[in-house]
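Peer 1: One structure, as structure tokens, below. Some questions next.
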Amino acid sequence: MIPEITLKDIREAAVALEKVILRTPTLSSPWLSEQAGAAVFLKLESLQIMSSFKVRGAFIKLSQLSKDQQRKGIVAVSAGNHAQGVAYHARALDIMATIVMPKTTPYAKIESTQSLGAKIILEGHTLIEAMAYASQLADEEGLTLIHPYDDPAIIIGQGTVALEMLADVPDLDVLVIPIGGGGLASGMAIAAKAINPKIDIVGVQSAFCPAMAEILYPERTFLTQSLAASPLAEGIAVKSPGIITRQILKEHLSDIILVTEEQIEAAIEDLLIHGKLTVEGAGATGVAALMAAPHVFSGRKVGIVICGGNIDARILSSLLLRGLVRHGKLIQLKIDINDAPGVLGQISKIIGDAGGNIFEISHQRLFNHITVKMAELDAVVETRDETHAKSIITTLEANGFPTQMVV
């Protein structure tokens, strides 16, 4: 039986949270509004303590533990943000916390959780495997398991996000909420629907792992992405959504939109460049959905939850460079040259005079199919845009250097 969660519960949680978390802003986004033909507002939980909404539910759950449960300690399972939220409040409440994380968890999230005093155990390659180990640990050591999403206290805490959004922008037509296990979307849906029964709740999932969508809409066919590596939005790559949350969302959800890895990547890049916001994969999925399906939101007042900002610096660096490649601002050229003194200088001058900036360059004398007196030059060049890139290639060829752009 599903436990009853009411607007009153969520409002009481909001009062309890007032002195222990931040009240993050809900800001208008002119550049997204123009792109989507809608009035778009972003709820910046990426600016929350621990850069995630997860501290909300974590505090409500931990504050409800008995003295005996607090003394024995807790164990939690997370790919990062739930772990940090639990560890943060556990330290403040003097509770010993053990966090089980999948081995694929980004190092930035592991390091951040360790810095909060939690004991970290890396176990399994998925949340399901990590959860099985944590459950065993809880039984063996008498620890209280703090579930990341399928717990009424967690759901109630996360629901406070909706209260703040609708206080800031009361006439929102639709809320766009990332869904992994469903805790955030469930809590927000209960609160928002109680305040405004006509509001639409649109969930967003990664096409890499659309488990909740497959459960709620079994009649649909989903084109999922099959990846060997970890997905960019690892925070919502939940293969076993909550039992409680799926029932709540079945009642309140208007739809779920799936977004691809490429769309999430583009959304992170745009949020950084145009919005000056550092956002993790899961946190960018709402914007990815807006950009992927603007017709769904056109002419409406849209609130999007930017649920987290914990992105690995190395991943962000690679993503931005890939963005330059995607927009034709960083290109790789293969140039056939005579293997003779002075030729490299000529190439450099031609590219420089054409306004290009050589990012890196190397010779390939052995692994090619040209004559022994020639070499192949690999050059990575920074350009203004695709048109500029094509003009540099044209100029090189006009000067007698056959050139191909590597795609």
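Values quoted throughout were computed directly from the atomic coordinates according to the rules given, and no laboratory measurement underlies them. Quantities reported herein were computed from a predicted structural model and do not represent experimental measurements. Because the Cβ atoms are built from the backbone with ideal geometry, glycine has one as well, and the counts that use them run over all protein chains shown.
Peer 1: For the Cα atoms of the chain, what angle does the longest principal axis make with the long axis of helix 127-141, in degrees from 0 to 90, nearest 10?
Peer 2: That works out to roughly 40 degrees.
Peer 1: If you don't mind, another one. Just need the relative contact order of region 54-146 here, percent rounded to a whole number, with Cα pairs under 8 Å and 6+ apart. Can you show the working numbers first?
Peer 2: Values: 169 pairs, mean separation 30.2, N = 93.
Once normalised by length, the contact order is 32 percent.
Peer 1: In region 304-407, with Lys and Arg counted as +1 and Asp and Glu as -1 at Cβ, which of these residues, Ile331, Ala375, His363, has the Cα nearest the positive end of the dipole, that is, farthest along it?
Peer 2: Ile331
Peer 1: In percent, how large is the relative contact order of the chain, given Cα pairs closer than 8 Å and 6 or more residues apart? Working shown, then result.
Peer 2: Working: 820 pairs, mean separation 66.3, N = 407.
Across the chain, relative contact order equals 16 percent.
Peer 1: Sort Cys209, Cys307 so the one with the fewest other Cβ atoms within 10 Å of its own Cβ comes first. Write out the running numbers ahead of the final one.
Peer 2: Numbers: Cys209 24, Cys307 32.
Placing the least packed residue first, the sequence is Cys209, Cys307.
Peer 1: Among Phe297, Phe359, Phe53, determine the one that fluctuates most according to a GNM of the chain built with springs between C-alpha atoms less than 10 Å apart.
Peer 2: Among Phe297, Phe359, Phe53, the largest mean-square fluctuation in the Gaussian network model of the chain belongs to Phe359.
Peer 1: Would you calculate, for the chain, the mean residue ellipticity at 222 nm contributed by helices, counting each DSSP H stretch of 4 or more residues as -39,500 (n - 2.57) and dividing by all residues, to the nearest 500?
Peer 2: -13500 deg cm²/dmol
Peer 1: In debye, nearest 20: dipole of region 54-146 around its Cα centre with unit charges on the Cβ of K, R (+) and D, E (-)? Walk me through the numbers before you get to the answer.
Peer 2: Working: 10 positive and 8 negative charges, 77 e Å.
For region 54-146, the charge dipole is close to 360 debye.
Peer 1: Still on this structure: Using alpha-carbon pairs under 8 Å, 6+ residues apart, how would you state the relative contact order of region 241-385 in percent? Write down the numbers at each step before the final one.
Peer 2: On the way: 157 pairs, mean separation 28.1, N = 145.
Relative contact order here is 19 percent.
Peer 1: Okay, moving on. Of [x] 21.2, 65; [y] 25.0, 81; [z] 22.8, 79, which one was derived for Rg and Dmax of the Cα atoms in Å from the structure shown?
Peer 2: Evaluating Rg and Dmax of the Cα atoms in Å on these atoms matches [y].
Peer 1: For a protection proxy built on the mean count of beta-carbon atoms within 10 angstrom, sort 262-273, 62-73, 181-192 highest first, please.
Peer 2: Result, highest mean Cβ count within 10 Å first: 181-192, 262-273, 62-73.
Peer 1: Another question about this same structure. Assuming a viscosity of 0.692 mPa s and a temperature of 37 °C, what translational diffusion coefficient in µm² per second does Stokes-Einstein assign to region 210-288, Rh being the Kirkwood radius over Cα pairs? Walk me through the numbers on the way to the answer.
Peer 2: Values: Rh = 13.8 Å.
Answer from the Stokes-Einstein relation: 237 µm²/s.
Peer 1: Sticking with this structure for a sec: Among Ile2, Ile244, Ile179, which comes first, second and so on when ranked by fewest other beta-carbon atoms within 10 Å?
Peer 2: Numbers: Ile2 12, Ile244 23, Ile179 30.
Ascending number of Cβ neighbours within 10 Å: Ile2, Ile244, Ile179.
Peer 1: Mind sorting Thr105, Thr387 by how few other Cβ atoms lie within 10 Å of their own Cβ, fewest first?
Peer 2: The order, fewest Cβ neighbours first, is Thr387, Thr105.
Peer 1: Could you check the simple spin-label distance between His125 and Lys349, using points 7 Å along Cα→Cβ, in nm with one decimal?
Peer 2: Distance between the two pseudo-spin positions: 5.5 nm.
Peer 1: Compute the long axis of helix 281-292 from its Cα atoms, compare it with the longest principal axis of the Cα atoms of the chain, and write down the angle in degrees, 0 to 90, nearest 10.
Peer 2: 70 degrees
Peer 1: Using a Förster distance of 56 Å, how high is the FRET efficiency between Lys373 and Lys103, based on the Cβ-Cβ distance and rounded to 0.05?
Peer 2: On the way: r = 51 Å, r/R0 = 0.91.
That gives a FRET efficiency of 0.65.
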